[in-house]
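S.K.: Sharing a structure below in structure tokens format, with a few things to ask.
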Amino acid sequence: MPAKAARSDPSGYHDWFSRSYVDRWIDSDAGSRQQELETLVAQLELPRDEPCHVLDVGGGWGPVTRCLLDRYAMATVVLHDFSQPMLDRAAANLAGDADRVRFVQADLRDTTWLDDAGDSFDGVVSSLAIHNVRDAAVIERVYRDLYAVMRPGSVLADLDLLEGHSSAERRRWLDKAGFVGVTVDEGAGTFDAALFRARHP
């Protein structure tokens, strides 16, 4: 396992710091999950004709943000990711809407990861990202972090792989963070992920 890959992914499986690896990963992913991403962003139930502010956690090269911008015409998005190569691709892909997107590079494993993202989000969305930290305690803390920056009544929609953690555990972590109305749709998505939807009271 390359040392660089180990630093970018605790499992050593991905090398998110490598531009060539990221380019290959995007080529294999691009366009393959459009319908499920549209279903994901619809979970936020935001008004289509009013301003709203959304956080895309682990947004990578921008496919979820693209769906958000297309569905919610007055939305602005903070696209977070750990990988600068991913963010560079996202900036190029979303260049036509540069005034509606802000990019933040930060590591979910760092307790200060949200310091530059802001707060008062009207919705938070994530697709196949949070599991990459591999650590149950970190995932639980990330949910608490997200709760702290969301507006009352806003929705978190997280489509993710479980990677050794049960959907019951994830649901418990969301409950403990303070979210209400937590629902789980197991087996959702191309990668047999689970879709977690939770509301800030």
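Bear in mind that the values in this text are calculations on the coordinates, not laboratory data. Please read these numbers as outputs of a predicted model, since none were measured by experiment. Because the Cβ atoms are built from the backbone with ideal geometry, glycine has one as well, and the counts that use them run over all protein chains shown.
S.K.: Rounded to the nearest 500, what is the 222 nm mean residue ellipticity of the chain from helices alone, with -39500 (n - 2.57) per DSSP H run of 4+ residues and division by all residues?
M.R.: Numbers: 7 runs with 69 residues, N = 201.
Using -39500 (n - 2.57) per qualifying helix, the result is -10000 deg cm²/dmol.
S.K.: Suppose every Lys and Arg Cβ carries +1 and every Asp and Glu Cβ carries -1, with no other charges. What dipole size does the chain come out with about its Cα centre, to the nearest 20 debye?
M.R.: 240
S.K.: What ratio of Cα Rg to 2.2 N^0.38 Å holds for the stretch 93-139?
M.R.: Output field value: 1.36.
S.K.: Rounded to the nearest angstrom and ordered from largest down, what semi-axes does the equivalent ellipsoid of the stretch 129-174 get from its C-alpha gyration tensor (root of 5λ)? Show your work: numbers first, answer last.
M.R.: Values: eigenvalues 71, 23, 19 Å².
Ellipsoid half-lengths, sorted descending, are 19, 11, 10 Å.
S.K.: Follow-up question, since we're still on this one. Taking the Cβ of R48 as the center, what net charge do the other residues with Cβ under 12 Å away carry, scoring Lys and Arg +1 and Asp and Glu -1?
M.R.: Working: positive: R71; negative: E45, D49, E50, D70.
Overall, the nearby charge balance is -3.
S.K.: Whole percent per 10 Å bin, from 0 to the bin with the longest distance: what is P(r) over all C-alpha pairs of the chain?
M.R.: Values per bin, smallest distances first: 9, 38, 40, 12, 1.
S.K.: Work out the charge dipole of the stretch 33-199 with +1 on the Cβ of Lys and Arg and -1 on the Cβ of Asp and Glu about the Cα centre, then indicate which of A106, T39, V180 is farthest towards its positive end.
M.R.: Of the candidates, V180 comes out farthest on the positive side.
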